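Only one structure is covered here, and it is reproduced in the block below.
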Amino acid sequence: MFPELNNLLNTTPDRAEQGKLTLLCDAKTDGSFLVHHFLSFYLKANCKVCFVALIQSFSHYNIVGQKLGVNLTMARERGQLVFLEGLKSAVDVFFQAQEKPHPLQFLREASAGNLKPLFEFVRDALKPVDSGAAGWTYPVLLVDDLSVLLSLGLGAVAVLDFIHYCRATVCWELKGNVVVLVHDSGDVEDEENDILLNGLSHQSHLILRAEGLATGFCRDVHGQLRILWRRPSQSTSQRDQSLTYQYKIQDRSVSFFAKGMSPAVL
Amino acid sequence: MATVATCGGDAVGVGSAVATASKSNVTSFQRRGPRVSGTNDSGPRLVSITGTRPSVRNGQLLVSTGLPALDQLLGGGLAVGTVLLIEEDKYNIYSSLLFKYFLAEGIVNGHTLLVASANEDPANILQELPAPLLDNCKKEFDEDVYNHKTPESNIKMKIAWRYQLLPKMEQIRPVSSSRFGHYYDASKRIPQELIEASKWHGFFLPEKISPTLKVEPCSLTHGYIKLLQFIQNIIYEEGFDGSNPQKKQKNILRIGIQNLGSPLWGDDICCTENGDSGHNLTKFLYVLRGLLRTSLSACIITMPTHLIQNKAFIAHVTNLSDTVVGLESFIGSERETNPLYKDYHGLIHIRQIPRLNNLVCDESDVKDLGFKLKRKLFTIEH
C-alpha cells in the first residue's frame, strides 16, 4: 500500500469504509500498481480477501507484495487470502474435462458463456466461516482484470451480471468491498468495453482512473491519476468530488504530486 | 587490445569444442524469484542454464531474442515464461527475419526448439536460419576438427585468425561481452551440423489436421487446439515444467509460431470485419500464456496485425501478450524516399513491455526507433 495514496484517499487500513465498489481503470498506461496497492491495503486491514487474478501469476503479486510489506504466501496459508490464478486454472480446465464446474468453465464452451461458476467460487470463498473465530474484519473481492473476460468471449452483459451478483453478496449482504480493474480502450472503438466501463462507473462509489499524459511519454511523470468520489444510491444533492494528481512509480512506492509540480520540473 | 586478450583466453578452452561452439553461460548470479512456481526450488540456486541470465532489475530469468539491439530495448532480454508478439510488417520480410534470429539463437545456445507454422514446413524454416558469427570464426571451427597440429600452432593459428577477424566484424562492443546474444550473418545459412545437433520439434498445420475430419464444435479452432495440445505434450514429456525431476540439465524451450491469426490457421479474424466471433485467438493466447508461465519456455509469435480490421481486437491481443513489438518497413511506402529515413529500412515500435515482479519496467527513454539491416548486423537506432 502506498502511504501517499492513502492520504489522498483519506483512508487508513483501520478505518476504511465498507460496502463499497471501487472501480480502477487505466487508459493508455498500466494501472496495475493500483491493484497492488489495494491488495496490500486490505491484507493489512485484516480482511478476508478473494483475489481473482486473471492476468498474472501468483509469484508476480507475491514479489511485489513483499516490496509493499505483505506476504501473500503466508496469507494464503492461514486462510486470509483466497487466490484464483487464472492462467494456471485455464490450463487445467482446458486440457482436462472437469467433473464439477470450474470457475473458468466458459473457456471450454463454444458459445458465449456466463460467469455463474465464477460467482459461486467467489461466494464460497468469502462466506463467513461459523466455526472458529478467524477474526477477519470484512470480506473483500479483488478482480484483475475484467477486460480479459471480455476478450475471452464473454459479453459485457454477462460480466455486468457477475459484478451485480458479487455486489449483492459481498457489499450488501456481507458488508464487504469490491475492487475491480477495467482497461479503457480510449479512442479505439470497443463497444463491449465501453458498455462495461459505463455500467460500472454508474455503480461505483470510488473511481480511480490512471491515464497516460496527453503529451506522451515522460520519464519523470508516469501518468495522471483522477480520483472521483460518488454516491450512486443517493440523489446528487452534493456534487461528486474529484481530484487530479500526477504520479511517478518507483521501485517500492508511488509518489504523487499536484499537476506540474513534479520534482523534476521544479 | 583488451579484446584480443580475452578472446585469446577463450580460444584456449575451445580447442576441443564440438557442435555447440559457444561457451555455456555459467554465471554466479543467484536466481531470485524464479518464474517456474511448480518446481522443487525451495530457495535460490545457482543458475546453470546456457544462454540465460538473470535480469538486473528483478532477478527474472532472461533469454536473448537473437538481436542484441532488441535485447537492450526490452530491458536485457526476453523473460522466460513470457510471450513476445511481433506485429508483422506489410510484406513479412523483417518479422520473419526476427523470427529466424530467435530460433538461431536457440540453436546456438543449445535450447530445444518448437517451430509451428501453417504455411511453411518447419524443416525448411530451420534450413534458412542465418549463420551465427561466433567468436572463433566458422572456418576456424572447421579447421580445428580436421587438423591435428600441436596445441602451440593451434594457438598461433587462432591468433592469426583473431587478427584477420577483427577488421571483418563490425562490432559495437567487444565480443566477449556478447555471450548472451550473438550476431548473425543474414546472407549465410546456418551450418548443417548445428541444426542436426540441436533438438527441435516441428508443427506443420497441414500435416496435423486432415481436411476430411469432421470437427465437433468446440471452443477453439481445430488448428489452435492441436497446437496447444502439441505444445503441452512437449512441455510435459521433456520436463520443462519441472514435472520430471530426474532430468539433470535444465533447458529452455523456445517456441516460435509464425503468422498466427492468418487465414491458414482456420481463423477468420483477418478476413472479415467482425470476425472471430468465437474469440479463438484470444483464448488461444490466454491458454498459451498459462502454459508458458508454468514452464521454462519463451515464445515468439508473429501476427499479421495489419490485416486485422477490428482495432479493438488488436488492443485485446496486446493486453493478453507480455511484450509487443511492431515493425513497419518502408518498402513500398512513401517514406522510402523521405530523406529523413533514407538510412533506415523501417521503424520499430515497442508497444508494450511487461512489468514482471515489479512495479516499474525498463522502458527506454527513446521512442522513435528505426532499424536497418546490414549483412551482418541488425541495428536499431534512435
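The values are calculated or read from the model by the stated rules, or taken from the named source; none is laboratory data. Predicted model only: the values in this text are computed from it and were never measured. FYI the Cβ positions are ideal-geometry reconstructions off the backbone, even for glycines, and counts take in every protein chain you see. Note: areas computed on protein heavy atoms with side chains; ligands, DNA, RNA excluded. Shrake-Rupley method; radii C 1.70, N 1.55, O 1.52, S 1.80 Å.
Mind giving me the FRET efficiency for A:K44 and B:D185? R0 is 51 Å, r the Cβ-Cβ distance, nearest 0.05 is fine. It comes out at approximately 0.35.
Backbone amide hydrogens, once placed in the peptide plane, bring B:H182 within less than 5 Å of B:G66, excluding anything fewer than 5 places away on its chain. Shown in residue order for segment B:101-107 are the 3J(HN,Hα) couplings computed by the Karplus curve 6.51 cos²θ - 1.76 cosθ + 1.60 at θ = phi - 60°: 4, 4, 5, 5, 4, x, 5 Hz (x for Gly and Pro). Note on B:N119 and B:V56: the model spin-label points, each 7 Å out from Cα along the C-beta direction, lie 4.0 nm apart. Of the solvent-accessible surface of segment A:3-213, computed with a 1.4 Å probe over protein heavy atoms with every protein chain present, carbon and sulfur atoms account for 50 percent. Remark: relative contact order (segment A:3-213) = 35 percent; criterion is Cα-Cα distance under 8 angstrom and separation of 6 or more residues. Per residue, segment A:3-213 exposes an accessible area of 40 Å² to a 1.4 Å probe, with every protein chain left in place.
If you take the beta carbon distance between A:R219 and A:V188 as r and set R0 to 25 Å, what does 1/(1 + (r/R0)^6) give as a FRET efficiency, to the nearest 0.05? Taking R0 as 25 Å, the efficiency between A:R219 and A:V188 is 0.45.
Under 5 Å between amide hydrogens, built in the peptide plane, is the criterion, and for B:L113 it picks out B:K199, B:W200, B:H201, B:R254 among residues at least 5 positions away or on other chains. Among the lysines of segment A:3-213, pairs that are 8 or more positions apart or on different chains and have alpha carbons within less than 14 Å of each other number 6.
For B:I300, the residues 5 or more places off, or on other chains, whose built amide H falls under 5 Å of its own are B:L84, B:I255, B:G256, B:I257.
Solvent-accessible area lost on pairing A with B (1.4 Å probe, both sides summed) amounts to about 3400 Å². Working note: 222 nm ellipticity from helices only, DSSP H runs with n ≥ 4, each -39,500 (n - 2.57), summed and divided by the residues of chain A, gives -9500 deg cm²/dmol to the nearest 500. Most tightly packed first, judged by the mean number of other beta-carbon atoms within 10 Å of their residues, the peptides B:298-305, A:158-165, B:258-265 read B:298-305, B:258-265, A:158-165.
Once both labels are positioned 7 Å from their Cα atoms along Cα-to-Cβ, the gap between B:Q229 and B:L307 label points is 2.5 nm. Put a plus charge on the Cβ of each Lys and Arg, a minus charge on the Cβ of each Asp and Glu, and nothing anywhere else: the dipole of segment A:3-213 about its Cα centre is then about 920 debye. Distance from the Cα centroid of segment A:28-85 to that of segment A:160-187 is 17 Å (rounded to whole angstrom). What the Cβ-Cβ distance of A:D251 and B:E207 gives, at R0 = 45 Å and to the nearest 0.05, is a FRET efficiency of 0.40.
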